[in-house]
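Just so it is clear, none of the values below were taken in a lab; they were calculated from the coordinates. Source: prediction; values computed, not measured. Here the Cβ positions follow ideal geometry from the backbone for every residue, glycine too, while neighbour counts run over all protein chains shown.
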Amino acid sequence: MALRHVPRPLRSQDIRLVGPLARPTCRQGHRSMGTATATAETESSVLPSTAVSVGDSPASVAFKIMSGLILCRQPIVTPELTPFERAYYNYQSELQKRLMWTFPRWFYYPEGTLAERQFSAVQPVVDGKDRAEFEKPDIVFNRDRRSKQEVVLPERDVERETEESAKIYAKIEPRSRITEADTKDDFRSLERKLDRTLYLLVKKDRRENAWKFPAAEVLDGETLTGTAARLLLETGGPNMNTWLVSNTPAAYHRYDYKPEDNEKYEGAKIFYLKSRIFAGTFIPQKGSGIVDYAWLTKDEIQHYVHRGYWASMANALSRQ
Amino acid sequence: MIVAQGFFRHILRPRTPSIFANSSGFGDASSAFAPSTTVPQTTIDVKNCTGTLMFTRGKRSRGGGETQQKQKMVNMLSLISPRRKQPRRIKLSYEDLLRHRTVHRAWQLVVRTKRQERRLELQKQYFKMKHACDELRKTSQILYQSAMEKPSPIRFPMEYRIPTVTPPRRIWNATWKPPAEEKKRKTL
């Protein structure tokens with residue numbers, strides 16, 4: 001049985017394959033050098049990568065180098081609490097209320113003021129008789145020291161209200177965490193699933209393996225970053241406020257072309273860069289070949305994308 | 001609060017003398033303080049007050065500016081003192097203690113699981129990145145070098161937002177447009 005993790009010994013045929021490197025067929029400057037090393041690497045897995053990675057030996061171009069984009073919208077809202085978390089936080093807040101110091105009413109509602117009179121009128125009666133215990137009630141400053149205190153704030157005195165005091169009483173109505181886009185299941189909206197990260201997926205005009213992260217070929221003299229910026233403009237338009245997290249690729253995917261599809265290249269190597277969108281909309285541009293697009297969470301992407309691609313990309317994405 | 005130590009004991013005593021030495025039971029913070037040996041310079045010397053003048057919290061003094069100021073200070077300082085504001089110490093029965101401990105341990109477990117999951121996810125992301133960089137190095141040296149350039153220090157954009165419990169009024173700015181480029185200045 002052949003041991004798969006140990007490279008097989010070097011044979012004379014393998015050395016012969018290195019031959020084309022000696023005679024350069026330089027077509028496009030530095031980039032062909034890069035792809036040539038890839039050729040050598042794929043044809044003979046025996047050669048150590050260090051020998052190949054020198055990158056100064058040009059040969060026929062075999063792999064198309066592409067720069068891809070993992071564009072994501074960060075969560076706008078905190079993660080959903082599980083029932084246990086909710087119960088625990090409730091327990092902790094009740095403990096804190098029990099241990100809280102008595103409300104210093106003499107400071108906030110000074111004796112002799114009208115406010116104090118209104119405040120006192122509204123407070124619940126504390127006589128300690130609601131607790132069935134053998135100790136006598138321990139009430140200090142209108143608070144039973146054995147339990148939490150309930151402070152009732154008096155209602156607005158509308159007659160005496162000024163503009164400034166009205167501002168204090170202005171009600172804060174929190175917005176809902178579930179938006180319209182959630183109820184309608186609008187996959188093109190960026191307001192959907194506010195507690196999750198949304199990733200941009202584009203659909204190309206293809207029968208199978210249509211849904212992918214956007215990608216474009218790295219042209220002559222371009223860097224990965226430059227290609228990504230160009231890609232963003234060409235596919236989605238200029239109306240997006242994005243930020244590239246790093247020049248370093250976050251994911252790598254390689255796929256081989258069928259021999260009848262493409263004569264020039266054997267396959268493609270895509271290096272994905274991570275980017276974040278802070279404002280704007282993705283509008284598919286004409287001539288980009290994009291038929292449809294969607295902003296999806298990680299688990300949703302799994303159902304849109306084919307298995308090999310998912311295996312490549314899954315670990316680069318965030319679950320939350 | 002060195003100023004307050006000797007100050008509290010003298011000032012914040014109730015008007016009627018109490019038979020019990022410690023009426024508040026647990027947590028009489030004024031007695032917990034060690035007696036100060038040094039005399040701070042900004043103490044208010046109450047002994048010099050004439051007559052039966054005594055300062056109690058929450059009162060309004062009818063006297064002149066100085067006594068009014070002192071009264072105000074007493075009111076403010078009484079907020080910081082736990083005197084007569086601290087509730088009873090929680091004493092759990094054995095069963096209650098068990099319940100509390102179980103809840104605490106369950107929470108610790110949940111937190112640990114979350115931490116481990118996050119660590120694993122970050123690890124996967126890192127190795128994915130490393131694999132991508134290794135492949136890039138094999139593929140193209142020049143692209144690799146440009147990919148390895150890192151801004152120092154790393155700058156985050158102004159629009160970077162931390163998630164809140166509830167969303168803002170305008171959840172997403174869909175009509176964002178890039179700012180118009182400034183005209184180039186003419187060189188003299």
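A few comments on the model shown:
- Around the amide H of B:W176, modelled in the peptide plane, lie the amide H atoms of A:G280, A:T281, all under 5 Å away and 5 or more residues distant in sequence or on another chain.
- Here the residues B:T102, B:T56, ranked from fewest to most Cβ neighbours within 10 Å of their Cβ, fall in the order B:T102, B:T56.
- Under 5 Å, built H, 5+ apart or other chain: amide partners of A:I65: A:V218, A:K269
- Inter-chain neighbour count for A:246-255: the average number of beta-carbon atoms from partner chains within 10 Å of each residue's beta-carbon is 6.
- For the segment B:158-171, counting C-beta atoms of other chains within 10 Å of every residue's C-beta and taking the mean gives 6.
- Cα convex hull of region B:57-119, projected area averaged across orientations, nm²: 8.2 nm²
- Peptides A:157-167, A:64-74, B:61-71 ranked from most to least packed, by the mean per-residue count of other Cβ atoms within 10 Å: A:64-74, B:61-71, A:157-167.
- For the residues of B:79-88, the average number of beta carbons from a partner chain within 10 Å of their own beta carbon is 6.
- Among A:R207, A:R131, A:R143, the ranking by other beta carbons within 10 Å of each residue's beta carbon, starting with the fewest, stands as A:R207, A:R131, A:R143.
- Here B:K91 is the anchor, and the lysines within straight C-alpha reach of less than 27 Å, apart from those fewer than 8 places off in the same chain, are A:K97, A:K129, A:K136, A:K148.
- Region A:110-234 - Kirkwood radius from inverse mean 1/r over Cα pairs (Å): 22.6 Å
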